[in-house]
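Only the coordinates and a few stated rules stand behind these numbers; no lab work does. None of the values given here were measured: they were computed from a predicted structure. FYI the Cβ positions are ideal-geometry reconstructions off the backbone, even for glycines, and counts take in every protein chain you see.
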């Protein structure tokens with residue numbers, strides 16, 4: 001079997017991504033002599049990029065330089081459980097140009113399955129570093145998500161911390177915006193008017209992933225990053241877990257202590273089902 005055929009077989013049969021899109025990427029790599037995306041490896045019910053933080057930032061910088069619309073997602077145990085019960089979300093995640101692992105439990109599972117990950121890459125760690133790089137490289141940023149005023153508060157704090165950063169827009173969409181065509185058109189035009197290099201989307205999973213997947217062709221931004229609660233951390237209205245807790249896989253417990261009623265079912269009911277998936281996908 002030829003090299004091209006092997007690549008096509010791997011991409012289409014193993015990654016389960018749209019044939020036309022994958023063939024275009026394959027031909028671009030084969031005949032133009034450049035790789036258009038990083039290699040992925042299986043992890044439970046999806047595929048991820050096994051990268052360090054440095055490699056992640058370098059890859060995103062390359063996406064910006066290439067000018068091809070791209071999007072980056074990050075998965076944790078909660079996202080994996082949602083994927084198991086939502087084929088559409090699986091399609092969205094599998095189609096992402098980069099899939100990062102945001103959660104120590106998944107790092108531990110990768111070791112258990114004999115394919116250890118290099119690092120945990122959380123959006124709340126990645127986005128501040130991207131902001132520093134953006135300031136140095138003159139990239140423009142648009143922040144969307146959070147409650148009213150939170151994204152704008154994040155902008156002000158970033159501008160104080162990083163003089164010269166170019167945040168060209170912020171917006172907090174109203175509840176239910178994803179089902180309102182008029183509001184979606186407004187958002188897409190708002191982003192396209194300033195055509196940012198980086199779009200930071202903070203709606204939580206699965207809303208942010210699905211919104212990007214469904215609208216990326218209709219707004220003009222080079223790289224869209226799913227960042228969950230990062231906008232709240234940037235704004236300073238929510239505290240992150242202490243680093244020692246994050247490094248030891250206890251960030252989820254810190255969040256539970258902050259919002260026990262809202263987080264109990266997620267962490268102690270829904271996410272406990274991950275044990276079954278570890279056996280299923282071993």
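Structure values in brief
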{"read-out": "Footprinting exposure proxy for 64, 121 (fewest neighbouring C-beta atoms within 10 Å first)", "value": "64, 121"}
{"read-out": "Distance (nanometres) between label positions extended 7 Å along Cα→Cβ at residue 279 and residue 111", "value": "2.3"}
{"read-out": "Computed label-point distance, nm, for sites residue 218 and residue 254 using a 7 Å Cα→Cβ extension", "value": "3.7"}
{"read-out": "The chain: most fluctuating residue of 115, 68, 179 per GNM, C-alpha cutoff 10 Å", "value": "179"}
{"read-out": "Gain on full stretching of the segment that runs from residue 54 to residue 194 - 0.36 nm per residue minus C-alpha separation", "value": "47.6 nm"}
{"read-out": "Spacing of the two label points (7 Å from each Cα toward its C-beta) at residue 263 and residue 244, in nm", "value": "1.8"}
{"read-out": "Among 138, 50, 85: highest mean-square fluctuation, GNM of the chain, C-alpha pairs under 10 Å", "value": "85"}
{"read-out": "The range 90-124 versus the range 256-273: alpha-carbon centroid distance in Å", "value": "21"}
{"read-out": "Modelled FRET efficiency - R0 51 Å, residue 133 with residue 181, Cβ distances, 0.05 increments", "value": "0.90"}
{"read-out": "Equivalent ellipsoid dimensions for the range 41-280 as semi-axes, Å, which come from the Cα gyration tensor, largest first", "value": "27, 19, 19"}
{"read-out": "For the range 199-256, the spread of Cα positions along each principal axis, largest first, Å", "value": "41, 20, 16"}
{"read-out": "Ascending count of other beta-carbon atoms within 10 Å, so fewest first, for 100, 184", "value": "184, 100"}
{"read-out": "Order of 157, 282 under a 10 Å beta carbon neighbour criterion, fewest first", "value": "282, 157"}
{"read-out": "Top of 250, 43, 89 by mean-square fluctuation, Gaussian network on the chain, Cα under 10 Å", "value": "250"}
